[in-house]
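Take a look at the structure set out below.
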Amino acid sequence: MPARLVIEGGAPLRGEVPVSAAKNAALPALCAALLTSEAVVLDNVPDLADVATTRRLLARLGAEIADDPDGATRVRVANVASHEAAYELVSTMRASVLVLGPLLARTGVARVALPGGCAIGVRPIDQHLKGLQKLGADIAIQSGYVEARASRLKGARITTDLVTVTGTENLMMAAALAEGTTMLENAAREPEVVDLARLLVAMGARVEGAGTERIEIEGRPELGGARHRIIPDRIEAGTLLVASAITGGDVTLTGAAPRHLTATLAKLEECGAAITVDGDRVRCQGPARPSAADVITSPFPGFPTDMQAQVMALLGVADGLSKISETIFENRFMHAAELNRMGARIETDGSTAVVRGVDAYQGAPVMATDLRASASLVLAGLAARGTTEVSRVYHLDRGYERLEVKLGALGARIRRVA
Ligand code: EPZ
């Protein structure tokens with residue numbers, strides 16, 4: 001029986017908690033090591049299932065991966081031993097597609113399984129492929145695999161049809177070894193994209209404009225090794241702040257990056273939380289009862305889709321009616337039905353959810369369907385009357401480092417049952 005979390009609700013959370021490193025910054029950084037034969041040393045890599053999957057994938061491609069005594073992760077791909085990212089790995093983690101750009105740029109050949117859809121949407125990679133074709137790659141889809149070839153990629157102007165985070169990251173990495181200059185237009189501005197650009201610059205590439213919608217990359221014939229520290233996880237941070245708000249608690253995050261959290265902090269204030277920022281510390285004092293608020297997800301610096309489920313849990317017990325518009329993924333309301341099992345009153349219609357706040361959640365057995373949905377069910381359980389049992393928490397472990405341990409340290413009555 002897969003592990004599940006059992007939560008006795010009602011305890012207001014109190015205390016300080018450190019923020020872990022960002023999953024969505026660690027995964028591209030690990031893949032960037034494919035771009036050089038020298039060692040890339042990463043500090044602050046989180047201990048997550050998706051990181052373990054990425055390590056396994058890189059090892060298959062020829063990487064030597066070691067954990068240094070000081071806790072850093074050392075990755076060296078002296079020689080690429082394989083050009084293939086197999087379906088069996090890619091199907092467990094879509095972000096495996098992040099080996100496509102660096103593998104093709106480094107060796108001229110890449111065979112990467114098409115990720116296929118997932119619980120939150122169809123999630124095609126057409127923009128990744130169009131961008132690589134613009135850089136001169138020959139791309140074919142063969143038996144469920146992307147077959148990409150290029151003698152040497154050539155810099156180009158690429159305008160993606162929509163903002164894509166891993167698409168921007170894949171193309172940035174490919175362009176870092178291309179001949180000449182690439183201009184990425186309509187690029188993603190997420191902090192994880194900026195963090196990857198910082199690593200590529202440390203490896204010897206010239207990257208300008210990361211964090212804006214236009215990124216210029218001047219490729220190099222070769223890149224070198226580098227040491228790089230992964231940024232804090234703004235989504236884990238946001239999740240912990242919602243835990244404080246939904247329990248009427250008083251929690252302070254340490255080691256956070258408040259500038260990456262502006263939209264989330266603004267939404268929490270709109271819901272009645274008192275937010276105090278002091279350097280890398282963020283304090284959230286929850287209201288007696290949250291206020292209703294409308295939410296529209298959008299690319300950074302807008303409100304993150306990866307916080308939508310957690311804020312829906314908060315609005316489920318708010319005073320009044322809230323409307324949530326999910327503009328990034330077409331099927332990211334799976335948690336609504338589970339929250340309704342806990343007594344919420346949420347109606348979804350396509351990309352809109354209408355949330356009529358109730359006084360309190362009732363504890364119930366619920367099932368996680370994806371990473372952020374699992375977090376929202378844990379949050380609702382913290383605020384519920386009675387016992388909540390969240391099953392399929394393997395989803396949670398993909399992106400949260402021992403969340404129940406952190407919540408327990410803040411006073412939550414939560415335990416993992418194997
Ligand atoms: C990244 O996914 C994150 N994952 C996701 O976090 C996050 O939800 C998402 O960005 C949006 O912020 C990682 O960084 C590993 P997109 P990504 O390409 O890059 C469509 C989490 O919970 N699209 O920005 O896959 C796509 O279907 C995860 O940690 C195309 O149509 O997302 C979606 O509707 C979940 N064609 C939209 O664009 C493409 O070629 C944005 O997707 C690429 C994307």
**OP:** Tell me which residues, restricted to region 168-184, are open to solvent by less than 10 Å² (accessible area, probe 1.4 Å) and aliphatic (A, V, I, L, M).
**Re:** 171, 172, 173, 174, 175, 176, 178, 184
Original post:
For region 102-120, how many residues are within 16 Å of the ligand (Cβ to nearest atom), touching a residue at least 40 places away in the same chain (Cβ under 8 Å) and crowded, with 17+ Cβ neighbours inside 10 Å?
Top reply: 3
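For region 313-332, which residues satisfy the criterion of being of a type in the set (A, V, I, L, M, F, W, C) and within 14 Å of the ligand (Cβ to nearest atom)?
Keep residues of region 313-332 that are of a type in the set (A, V, I, L, M, F, W, C), which gives 313-315, 317-318, 321, 324, 328-329.
If the condition is that a residue be of a type in the set (A, V, I, L, M, F, W, C) and within 14 Å of the ligand (Cβ to nearest atom), then 328, 329 are the ones that fit.
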Original post:
Looking only at strands (runs of 3 or more DSSP E) that fall completely inside region 278-365, which ones have 1 or more residues that are farther than 22 Å from residue 391 by Cα and touching a Ser or Thr at 6+ places or on another chain (Cβ under 9 Å)?
Top reply: 281-285, 321-325, 352-356
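Filter region 249-272 down to the residues that are over 21 Å from the mean Cα position of the chain (by Cα) and either of a type in the set (Phe, Trp, Tyr) or surrounded by 18 or more Cβ atoms within 10 Å (Cβ to Cβ) (or both) and list them by number. Please lay out each step first, then the result.
So in region 249-272, the residues over 21 Å from the mean Cα position of the chain (by Cα) come out as 249-252, 269-272.
If the condition is that a residue be over 21 Å from the mean Cα position of the chain (by Cα) and either of a type in the set (Phe, Trp, Tyr) or surrounded by 18 or more Cβ atoms within 10 Å (Cβ to Cβ) (or both), then 249, 251, 252, 271, 272 are the ones that fit.
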Original post:
Filter region 84-101 for residues that are touching a Pro at 6+ places or on another chain (Cβ under 9 Å) and open to solvent by less than 10 Å² (accessible area, probe 1.4 Å); which is farthest from the ligand (Cβ to nearest atom)?
Top reply: 90
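If I ask for residues that are part of a helix (DSSP H, G or I) and touching a residue at least 60 places away in the same chain (Cβ under 8 Å), which ones from region 237-258 would you list? Walk me through how you get there before you give the answer.
Step one: list which residues in region 237-258 are part of a helix (DSSP H, G or I), which gives 237-246, 258.
Once the filter is applied, which keeps residues that are part of a helix (DSSP H, G or I) and touching a residue at least 60 places away in the same chain (Cβ under 8 Å), region 237-258 yields 237, 238, 239, 240, 242, 243, 244, 245, 246.
Which residue is farthest from residue 141 (Cα to Cα), if the candidates are limited to region 46-67 and must be open to solvent by 30 Å² or more (accessible area, probe 1.4 Å) and acidic (Asp, Glu)? First the steps, then the outcome.
The initial filter retains those residues of region 46-67 that are open to solvent by 30 Å² or more (accessible area, probe 1.4 Å), namely 47, 49, 52, 55-56, 59-60, 64-67.
From the residues that got through so far, the ones that are acidic (Asp, Glu) too are 47, 64, 67.
Numbers: 47: 34, 64: 30, 67: 36 Å.
Within region 46-67, the match that is farthest from residue 141 (Cα to Cα) is 67.
Can you name the residue in region 326-347 that is small (Gly, Ala, Ser) and either crowded, with 23+ Cβ neighbours inside 10 Å or touching a strand residue (DSSP E or B) at 6+ places or on another chain (Cβ under 7 Å) (or both) and is also farthest from residue 120 (Cα to Cα) among such residues? Spell out how you get there, then give the answer.
So in region 326-347, the residues small (Gly, Ala, Ser) come out as 336-337, 343-344.
Then drop every residue that is not either crowded, with 23+ Cβ neighbours inside 10 Å or touching a strand residue (DSSP E or B) at 6+ places or on another chain (Cβ under 7 Å) (or both), which leaves 336, 343-344.
Numbers: 336: 13, 343: 23, 344: 21 Å.
The selected residue is 343.
If you check 295, 277, which single one turns out to be more than 20 Å from the chain's Cα centre (by Cα) and either among the aliphatic types (A, V, I, L, M) or within 16 Å of the ligand (Cβ to nearest atom) (or both)? Give the steps one after another, and end with the answer.
On the way: 295 fails: more than 20 Å from the chain's Cα centre (by Cα).
On inspection, the qualifying residue turns out to be 277.
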**OP:** Sort out which residues of region 273-298 are crowded, with 20+ Cβ neighbours inside 10 Å and within 20 Å of residue 333 (Cα to Cα), and write them in order of number.
**Re:** 293, 295, 297
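Report the residue count in region 134-167 for those that are under 24 Å from residue 202 (Cα atoms), open to solvent by less than 10 Å² (accessible area, probe 1.4 Å) and among the aliphatic types (A, V, I, L, M). If you could, list the steps in order and put the result at the bottom.
Filtering region 134-167 for residues under 24 Å from residue 202 (Cα atoms) gives 135, 152-158, 164-167.
This time we only want the ones that are open to solvent by less than 10 Å² (accessible area, probe 1.4 Å), so: 135, 153, 158, 167.
Retained after the next criterion (residues that are among the aliphatic types (A, V, I, L, M)): 135, 153, 158.
Number of matching residues: 3.
The values are calculated or read from the model by the stated rules, or taken from the named source; none is laboratory data. These numbers were taken from a predicted model, which means no experiment stands behind them. Heads up, the Cβs are rebuilt from the backbone with ideal geometry, glycines too, and the neighbour counts pull from every protein chain shown. Note: areas computed on protein heavy atoms with side chains; ligands, DNA, RNA excluded. Shrake-Rupley method; radii C 1.70, N 1.55, O 1.52, S 1.80 Å.
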